[in-house]
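Notes for the one structure printed next.
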Amino acid sequence: NDQTNFFFNINDYKHDKRCIFAEDSYFVEYIVEEKSTSKKFLIKTLKNINYVDEFSRTMICKYPSILNIKGFSPVDIYGDKNPSILTDFYHITLHNYIKKERKGTSNSTKTNDYIIILGITIGLRHLQKNGIVHEFLLPSNILLDENFYPIIQNVELTKNLVYNVNAFGHRDLYVYESPEQFEGYETQASNVFSYSFILYYLMMIWDNKKK
């Protein structure tokens with residue numbers, strides 16, 4: 001069984017009361033440390049989500065520019081019966097990147113921006129080939145590694161071509177939603193709409209650098 005190979009022992013990771021990294025209507029994220037290596041990871045505990053469906057979707061989504069889920073646990077870090085997933089931990093999101101660029105506190109270059117744009121494009125192409133629409137495609141759901149390669153996260157919270165009106169609590173979410181999403185449904189073109197706004201904000205950064 002493929003699922004058996006992806007279970008991890010949550011007791012192999014340590015945490016403290018300050019380890020909550022983010023919390024939303026769909027999940028709670030905890031920064032944890034692997035006891036054997038001292039390496040940091042993220043454990044995401046899912047809320048009111050079908051575990052089997054999300055596992056199947058994750059298998060389809062495996063790709064370098066999609067956040068890799070390293071394992072599953074039937075319990076959370078407190079031992080309660082809440083399904084949890086283990087992923088790599090990244091400090092920076094595209095939201096942080098754009099914010100720093102606007103303030104002029106970043107040393108990034110246009111090359112970094114091109115890397116980000118190309119990586120997101122390739123990741124979205126992979127999702128579309130598999131008939132998956134990312135319901136929440138916005139800068140805070142795009143992680144950046146140390147080389148500025150983008151990694152799209154929260155794909156496992158996406159329902160194939162089905163819109164869920166109970167969206168994340170991000171204040172900027174609705175800027176990136178397509179008109180059809182406001183009407184209660186979405187298509188693959190919805191991600192193209194969202195991506196166009198991401199490109200727009202990146203291009204605004206370029207324009208500001210010229211001034």
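Before moving on, here are some points about what is shown:
- Within region 67-121, trypsin sites (Lys or Arg not before Pro) in DSSP loop having at most 12 other beta-carbon neighbours inside 10 Å: LYS81
- Segment LEU118-LYS39, length gained on full extension (0.36 nm per residue, minus Cα span): 25.6 nm
We did not get these values from a lab; they are worked out from the coordinates using the rules stated. Keep in mind that this is a model prediction, so the values were computed, not measured. Heads up, the Cβs are rebuilt from the backbone with ideal geometry, glycines too, and the neighbour counts pull from every protein chain shown.
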